[in-house]
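The values are calculated or read from the model by the stated rules, or taken from the named source; none is laboratory data. This structure is a prediction, so every number in the text was calculated from the model and none was measured. Cβ atoms come from the backbone with ideal geometry, glycine included; neighbour counts cover every protein chain shown. Keep in mind that these areas ignore ligands, DNA and RNA; they rest on the heavy atoms of the full protein, side chains included. Shrake-Rupley method; radii C 1.70, N 1.55, O 1.52, S 1.80 Å.
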Amino acid sequence: MGRFYQDTRRRFLKRLVKGGFTLLASLFGITAAGFLYPSEVKKRTTKFFYLLNEDDLPKEGVKKMELAYEHEQRAMVLRVFVVCNAGETFALSSVCSHLGCLVDWSRSKKRFLCPCHGGSYDIEGRVLSGPPPLPLTRIPLKMEGEKVFAGVKV
Amino acid sequence: MGRIYDWIDRRFGIKPPHKNFLQRPVPQNLSYFYCLGGIAFTLYLAVLLTGMLLSFYYVPSEKEAFQSVVRITREVHFGALIRGLHKWSANLLILFVMLHTVRVFAQRAYRPPRELNWVAGTFILVLAFASGFTGYLLPWDQKAYWATVVGTGMAATVPFIGNHLLYLVRGGPEVDGATLVRFYSIHVIWIPLVTSLLLWAHFHMVKRQGISGGL
Ligand code: HEM
Ligand code: FES
């Protein structure tokens, strides 16, 4: 008797305790992860907000605008560019497609320049240089009478 | 698991100095009453962990506190479970801390050289009560509000300085948003921090002085 049984018994109990704790910790970990994961992830939809009057659209070139709108009772501001180039009018988001800094239009260089990592885009929003992987996002415009509305994903 | 732990411990060195302590034979005359402190500690860990989870969603503001608690209970995954665990563990913690105190008292385990550990324990007991009291206000519903109005109101009955005490506890003459933020801070920062330090001291002394032999 004695030693051998005591040793196996000891080892068995040790494993039991360790296993129990591991199980408990895992269960807690899973529960905690589930708890922290958001319970509803909202689908984003495009909503239109008033931007400016038709008369104020640029005849040629780039016009910087602050699109102010309300989303879930929060006042939001989005900087957009209204562009008229070669007879076509459209709007571009100012959010750089690299890491999301806000680009600005340089009149002298005739480019959108990103202050962060040297990304630049032409007047159509196409990438000219730097790390941005995609062109600037086009913002849909809608006319209703005299008024121009811009579509934002909210 | 063991290998990773050993790798760390070869550098950290927590195991060798504890080897004798962890592998000593348990005294003959122990009974299950000596488990009460350990049970209290287990519950303390449960309260701590679930509380840290709740803090991700609870909003300590007059306007949003109630709504955030409702949201935890109704919308957050496992929210009702975590909240229930926090509540039950907290109540059981109070119970087991008291039972543990009764055990120590009944066996006169507070006598030298363990006086200081009794003192540490007393502070822990008071902090456990304070944690229950401050935590009770946080749901910010009618029951919580009026319980705190009555509870803090007692401070005003202290002779001479009663009103000043009351203002100090409530952060103003009434129970309002200021009281809520005050209780929140005490409940989630001050008490857990101080209690954890005290518990470390508590266990350190148990380790150094050994468990008393009962009567
Ligand atoms: C969260 C609260 C507490 C925890 C987790 C805790 C935990 C423990 C543990 C694990 C022990 C080892 C022996 C045993 O488990 O019985 C112990 C011993 C002791 N505790 Fe506590 N305790 C707490 C509160 C208190 C309170 C409120 C008092 C008294 C006012 C107290 C006084 C003592 C004393 C004097 C000892 C040494 C007893 C002996 O050597 O026999 N503790 N405590
Ligand atoms: S964010 Fe614009 S270049 Fe990096």
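Let me have the 222 nm mean residue ellipticity of chain A computed from DSSP H runs of 4+ only, each contributing -39500 (n - 2.57), with the sum over all residues rounded to the nearest 500.
The helix-only estimate for chain A comes to -8000 deg cm²/dmol at 222 nm.
May I ask for log10 I(q)/I(0) of chain A at q = 0.19 Å⁻¹, from a Debye sum over the Cα atoms as equal point scatterers with solvent left out?
-1.15
Pairwise over distinct Cα atoms, reciprocal of the mean inverse distance: report the Kirkwood radius of the protein assembly as shown in Å, one decimal place.
27.2 Å
For the stretch A:84-127, what is Rg from Cα atoms divided by 2.2 N^0.38 Å, rounded to two decimals? Intermediate values should be presented prior to the final figure.
Values: Rg = 10.3 Å, N = 44, 2.2 N^0.38 = 9.3 Å.
After normalising by residue count via 2.2 N^0.38 Å, the value is 1.12.
Would you check the accessible area of B:Val97, probe 1.4 Å, heavy atoms only, in square angstrom rounded to 10?
Taking all protein chains as shown, B:Val97 has close to 20 Å².
What's the percent breakdown of Cα-Cα distances in chain B across 5 Å bins, shortest bin first?
Spelled out per bin, shortest first, that is 1, 6, 12, 15, 14, 14, 13, 10, 7, 5, 3, 1, 0.
Over the stretch B:1-41, with a single point scatterer placed on each C-alpha, what log10 of the ratio I(q)/I(0) does the Debye formula yield at q = 0.15, 0.19, 0.28 1/Å?
-0.60, -0.77, -0.92
Report, in degrees rounded to the nearest 10, the 0 to 90 angle that the Cα long axis of helix A:3-36 makes with the longest principal axis of chain A.
On a 0 to 90 degree scale, this one is about 20.
Taking all protein chains together and a probe of 1.4 Å, list A:Thr22, B:Thr134 from the most accessible to the least accessible. Mind showing how you got there, number by number?
Details: A:Thr22 85, B:Thr134 10 Å².
In descending accessible area the options line up as A:Thr22, B:Thr134.
Give the angle, between 0 and 90 degrees and rounded to the nearest 10, that separates the Cα long axis of helix B:36-54 from the longest principal axis of the Cα atoms of chain B.
40 degrees
When the Debye formula is applied to the Cα atoms of the stretch B:85-131, each taken as the same point scatterer, what base-10 log of I(q)/I(0) results at q = 0.25, 0.27, 0.33 Å⁻¹?
Listed by q, the Debye log ratios stand at -0.89, -0.97, -1.17.
What number results when the radius of gyration of the stretch B:11-85, computed over Cα atoms, is divided by 2.2 N^0.38 Å?
That works out to 1.76 for the stretch B:11-85.
Which angle between 0 and 90 degrees, to the nearest 10, do you get for helix B:142-153 versus the longest principal axis of chain B when only C-alpha atoms count?
Tilt of helix B:142-153: around 80 degrees.
Using a 1.4 angstrom probe on the protein heavy atoms only, line up A:Val148, B:Val102 by accessible area, largest first.
Result, largest first: B:Val102, A:Val148.
Give the cross-link partners of A:Lys64 among the lysines, using a straight C-alpha distance below 23 Å as the criterion and excluding same-chain residues fewer than 8 apart.
Output for A:Lys64: A:Lys47, A:Lys109, A:Lys110, A:Lys142, A:Lys147, A:Lys153.
Provide the gained length on full extension for the span A:Val41 to A:Arg126, in nm with one decimal, where the gain is 0.36 nm per separating residue minus the Cα-Cα distance.
Residue separation times 0.36 nm, minus the Cα-Cα distance, leaves 27.4 nm.
Roughly how crowded by other chains is peptide B:68-78, in terms of the mean Cβ count from those chains within 10 Å of each of its Cβ atoms?
Across B:68-78, the average partner-chain Cβ count within 10 Å equals 3.
Label points 7 Å out from Cα along the Cβ direction at A:Phe21 and A:Arg107: separation in nm?
Modelled inter-label distance: 7.1 nm.
At a Cα cut-off below 19 Å, give the aspartates and glutamates reachable from A:Lys42, other chains included and same-chain residues fewer than 8 away excluded.
Filter leaves A:Glu70, A:Glu72, B:Glu75.
Placing +1 on the Cβ of each Lys and Arg and -1 on the Cβ of each Asp and Glu in the protein assembly as shown, which of A:Asn85, B:Pro139, B:Phe78 has its Cα farthest towards the positive end of the resulting dipole?
B:Phe78
Can you list the lysines whose alpha carbon sits under 25 Å from that of B:Lys19, skipping same-chain ones fewer than 8 residues off?
A:Lys14, A:Lys18, B:Lys207
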